[in-house]
Amino acid sequence: MKLVVSLTVCVLGTSSILANSSLIEKAKSSGLEAIPSSKIELMKLIDDKKDPITKDKVELGKKLYFDPRISKSGIISCNTCHNLGLGGADGISAAIGHAWTVNPHHLNSPTVYNSVFFKVQFWDGRSPHLADQAQGPVQAGPEMAAPASLVEQRINSIPQYVNEFQIAYGKDVKVDFAKITATIATFEKTLVTPSKYDEFLNGNDKALSKEEKEGLNTFIDKGCIACHTGIALGGTMQPFQVAAKYKFMNVGDFKGNAQGMVKTPTLRNITETAPYFHNGQIWSLTDAIKEMGSVQLGIAISDDEANKILTFLKTLKGEKPVITYPQLPESTIDTARPDFN
């Protein structure tokens, strides 16, 4: 009798291991990728040989990210719309910028966390990488409204900033707009948030519970991986409204790029970044899951299925880098004054 019990336990245990291994392989073969557990492997993905990530650049980029003086008014920083304490977003339907201007297209601020893994930036995918993306909001009238020349003047008028650029890039560095925004992007590259989902894909069978694994399996089987794929579970251009019309499409005038393609939002830390969709019209994540089933897949996702998928999505809440709010260098008498016009 003991032998039978032992064999049964052994067989069940082996079946469990095989099931977990099978799910890991199923996820990977479906296009899902983990954030590498090795720092060396991670750096291969996020670093740039032409402009390598260094501690000095990251610290300087962090200061610039939090510095409101790169906006025309002197009160809006990158962190205003991409708040690192709020999942890297702002928690409102449409971004609000210079002179309390609501985004004219009623576009929602996407998270900055893990944006280094996105294939393109902005909802219409018009920027290929973070350094290019960082230039847009700073200059855009409804956002930070600061001409490149104004940003350059303010930063170069502050000796401590000039000194820090020289430390980061060398004595001959030209502190121009491109260098300033590229330095912000270097900091943003480090905002990577690995989670227990990554532990599971990296081979730790025990990282996810039975319910979480069931949710991942449902996520795959329902076809969510058609758009939410890769290491970011998003961040690529995909057709929108494939099977049906999004019920809030009339809010704002955004229709995607010239081909009607829209950048798929990352699902990492998705429980922290409500409201959802490009115009921020859905606040419930389960409602968003059901809407995507209708709009993109042409299927009705039941409450039970939506809850299973939600259980999986919660595993994508990752460990955030520890960010200490920086003390910013003081302005000088030559620093251009805030301008609210």
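What the table shows:
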| read-out | value |
| --- | --- |
| Part-to-part distance (alpha-carbon centres) for the range 32-55 and the range 275-298, which is given in Å | 32 Å |
| Relative contact order (percent, whole number), the range 263-315, Cα cutoff 8 Å, 6+ residue spacing | 32 percent |
| Cut-off 11 Å between beta-carbons: net charge of the residues surrounding T286, Lys and Arg +1, Asp and Glu -1 | -3 |
| Pairwise FRET efficiency - T101 versus V162, Cβ, R0 = 35 Å, nearest 0.05 | 0.65 |
| Kyte-Doolittle mean at least -0.5 and Cα axial length at least 30 Å: DSSP H helices in the chain | 2-29 |
| Carbon plus sulfur fraction of accessible area for the chain, probe 1.4 Å, in percent | 56 percent |
| Taking N as its residue count, the alpha carbon Rg of the chain over 2.2 N^0.38 Å | 1.12 |
| List V162, V102, V322, ordered by accessible area with a 1.4 Å probe, largest first | V322, V102, V162 |
| C-alpha center-to-center spacing [the range 82-100, the range 304-324] in angstrom | 20 Å |
| Within-13-Å neighbourhood charge of V120 [Cβ basis; K, R +1; D, E -1] | +1 |
| Å³ per residue enclosed by the Cα convex hull of the range 196-246 | 94 Å³ |
| Residue-normalised accessible area of the range 40-119, expressed per residue, 1.4 Å probe, Å² | 45 Å² |
| Per-residue [θ]222 nm for the chain (sum of -39500 (n - 2.57) over DSSP H runs n ≥ 4, rounded to 500) | -11500 deg cm²/dmol |
| Per-residue SASA entry for K314, accessible area with 1.4 Å probe, Å² rounded to 10 | 120 Å² |
| More than 16 Å apart - percent of Cα-Cα pairs taken over the range 260-303 | 39 percent |
| For peptides 147-155, 264-272, 52-60, sequence by mean Cβ density within 10 Å, most packed first | 264-272, 147-155, 52-60 |
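The values are calculated or read from the model by the stated rules, or taken from the named source; none is laboratory data. If you're wondering where the values come from, they're calculated on a predicted model, not measured in any experiment. Don't worry about glycine lacking a Cβ; one is built from the backbone with ideal geometry, like all the others, and counts go over all protein chains shown. The area values use the complete protein model at the heavy-atom level, side chains included, leaving out ligands, DNA and RNA. Shrake-Rupley method; radii C 1.70, N 1.55, O 1.52, S 1.80 Å.
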